[in-house]
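Worksheet: one structure, shown below.
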Amino acid sequence: MGTRTRHLGHARERRPGGNGPVRGRLRGLLRWVGGHVRGFYAAVGVFLVAGIVIVLGAALGFAALADSVVEGETLAVDRAILLWMNRHATPERTVIALEITALGAGVVVWMVVLVTSAFLWTSRHRYSVLLLWVSMIGAGLISQSLKMVFDRPRPDLFPWRAPYAPNASFPSGHSTTAMVAYVTLAYLIARLEPSRAMRRLTFVVAGLVIVAIGLSRMYLGVHWPSDVVGGFFTGLAWAAFCALGIEALRYFRTRKPEIVEQEEGLERGAD
């Protein structure tokens, strides 16, 4: 019994070495749910409700921004920021902006996702791979759906410095994708990093990359500032929801009926 039970345990995704303040509070919430709710599906469901509350906070911010965009209330600020950026444009800055904006493009992001997925899969972090793919696929669907709903025209204050962008402007797809991809990657890296300083540095670097991508979209003239902020809200809400869902699945995995049956069968066999 001992050898086979250890094998089952080894098949589960290994826990990270470090525990930061946020992760400690998350574990505390998971333990509280586990102590008050029995069963796998019920526990995951209750925890996802907590995730939805967090997501709603970001969604309300997005809704307020979207309402302002529809009413035209952000247009004056949007125009002022873009015109200021245009006045300070130089050929050198344009080259830098094009390089930065590529970090949020679909081809680059998906190459990063594929390489990361291969590493995580071979190192038996299967739930992390699931998180990465669910978050990325969902981000694309959500972004495109919102673009179709709002159908906001792209800026035309000055000639674009980027290749032609065919779809609608709000929210920024690059900003949404960057927020989901790099926040999720930082979260997964932080789970494997035992050093608190390195975990913080990982999130700082991810944040700088995300902000730089958003600024590059404005500088290149293909997005209004409110498009970028809307993309950030959308991406953060979705990334948070996916991360909370995967944490719940991982934490309550031993409650799944088939796993319980396996372990009970091993115990009966040992008797």
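The values are calculated or read from the model by the stated rules, or taken from the named source; none is laboratory data. This is a predicted model, so every value here is computed, not measured. These area figures cover heavy atoms from the full protein model, side chains too; ligands, DNA and RNA do not enter into them. Shrake-Rupley method; radii C 1.70, N 1.55, O 1.52, S 1.80 Å.
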For Arg154, the residues 5 or more places away or on another chain with a placed amide H closer than 5 Å to its own amide H are Ser169
Over the heavy atoms of Met111, what accessible area does a 1.4 Å probe trace out, to the nearest 10 Å²?
110 Å²
Order Phe203, Phe241, Phe170 by their accessible area, 1.4 angstrom probe, all chains in place, largest first.
Phe203, Phe241, Phe170
If you plug each phi of segment 223-232 into the Karplus form 6.51 cos²θ - 1.76 cosθ + 1.60 with θ = phi - 60°, what whole-Hz ³J(HN,Hα) values come out, in order, with x for Gly and Pro?
9, 6, x, 5, 4, 5, 4, x, x, 5
Among rounded, prolate and oblate, which fits segment 86-227 when a ≥ b ≥ c are the square roots of the eigenvalues of its C-alpha gyration tensor, a/c under 1.5 means rounded, and a/b larger than b/c means prolate?
prolate
Got a sec? What order do Arg200, Arg79 fall in by accessible area at 1.4 Å, biggest, i.e. largest, first?
Arg200, Arg79
Which ³J(HN,Hα) values in Hz, rounded to whole numbers, follow from the phi angles of segment 117-131 under the Karplus curve 6.51 cos²θ - 1.76 cosθ + 1.60, where θ = phi - 60° and Gly and Pro get x?
4, 4, 5, 5, 5, 5, 9, 6, 9, 5, 5, 5, 5, 4, 4
Which value, in Å², gives the accessible area per residue of segment 79-141 when a 1.4 Å probe is used on the protein heavy atoms?
58 Å²
Output ³J(HN,Hα) for segment 157-172: one whole-Hz value per residue in order, computed from phi by the Karplus curve 6.51 cos²θ - 1.76 cosθ + 1.60 with θ = phi - 60°, and x for Gly and Pro.
6, 7, x, 5, 9, 10, x, 4, 10, x, 8, 5, 8, 10, x, 5
Please calculate the 1.4 Å probe accessible area of Val112, with all protein chains present, and give it to the nearest 10 Å².
50 Å²
